[in-house]
Amino acid sequence: LKETLLERLQLHAREWSKYTLASAIVQRTRDKHKQKRQPGVISHAQEFFTTITGADTDVCSSRWAPLQNSCLDQNGARREPGQLSRGAQEQLHLALRFGLIGEFGEQAERLTVVGDEALVNFDPLRQRRAAEAFASLSKTNQVLIFT
């Protein structure tokens, strides 16, 4: 009985070691991605968000909370997407998508961008600015917009 239990314990210890090693590798890969890739995505997204919202925005400044899906208001307080209007949330998410497209395009093949009713919840001023952001994106990517 003792030998059987020791054999089972060794088997479980090997399994635990494999999972612990795999978890460490995944965590190291995730950290490396955050350090090397995420800032590029955020940098690209900030540019597009500034274009879409303009410098006069009262919703969020063009500054982003590091590695977060949020922005900072004029006082530096973090604004989560749920605290923003639907239009502002969509502007933030559109800027993040543009950031991912821009960063991916610098690392690999440029993708065709397809948008459908992307500006429907934007006010007229931000619709125009978002159209300018699409025009800017069209300098590096093929862009198709449907309304």
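The values are calculated or read from the model by the stated rules, or taken from the named source; none is laboratory data. Fair warning: this is a prediction, and the values are worked out from it, not measured in the lab. Don't worry about glycine lacking a Cβ; one is built from the backbone with ideal geometry, like all the others, and counts go over all protein chains shown. Quick note on the areas: whole protein, heavy atoms, side chains included, nothing else; ligands and nucleic acids left out. Shrake-Rupley method; radii C 1.70, N 1.55, O 1.52, S 1.80 Å.
One residue stands out in segment 94-103 among those that are open to solvent by less than 40 Å² (accessible area, probe 1.4 Å) and not aromatic (Phe, Trp, Tyr): the one that is farthest from THR53 (Cα to Cα), namely GLU103. Across segment 116-127, the number of residues qualifying as of a type in the set (Asp, Glu) and outside any strand (DSSP E or B) comes to 2.
With the condition kept exactly as written, say whether any residue in segment 45-61 is modelled with pLDDT of 85 or more and either open to solvent by 60 Å² or more (accessible area, probe 1.4 Å) or in a loop (DSSP other than H, G, I, E, B) (or both). So far as segment 45-61 goes, no, none of its residues is modelled with pLDDT of 85 or more and either open to solvent by 60 Å² or more (accessible area, probe 1.4 Å) or in a loop (DSSP other than H, G, I, E, B) (or both). Filtered by the rule that a residue be open to solvent by 70 Å² or more (accessible area, probe 1.4 Å) and in a helix (DSSP H, G or I), segment 128-147 gives ARG128, GLU132. Of all residues in segment 10-28, at least one satisfies being open to solvent by 100 Å² or more (accessible area, probe 1.4 Å), at pLDDT 80 or above and of a type in the set (S, T, N, Q). Tell me, yes or no, whether segment 104-115 has at least one residue that is surrounded by 17 or more Cβ atoms within 10 Å (Cβ to Cβ) and either at pLDDT 85 or above or assigned to a helix (DSSP H, G or I) (or both). Yes; the residues of segment 104-115 include at least one that is surrounded by 17 or more Cβ atoms within 10 Å (Cβ to Cβ) and either at pLDDT 85 or above or assigned to a helix (DSSP H, G or I) (or both).
The number of residues in segment 115-146 that are under 18 Å from ARG86 (Cβ atoms) and polar (S, T, N, Q) comes to 2.
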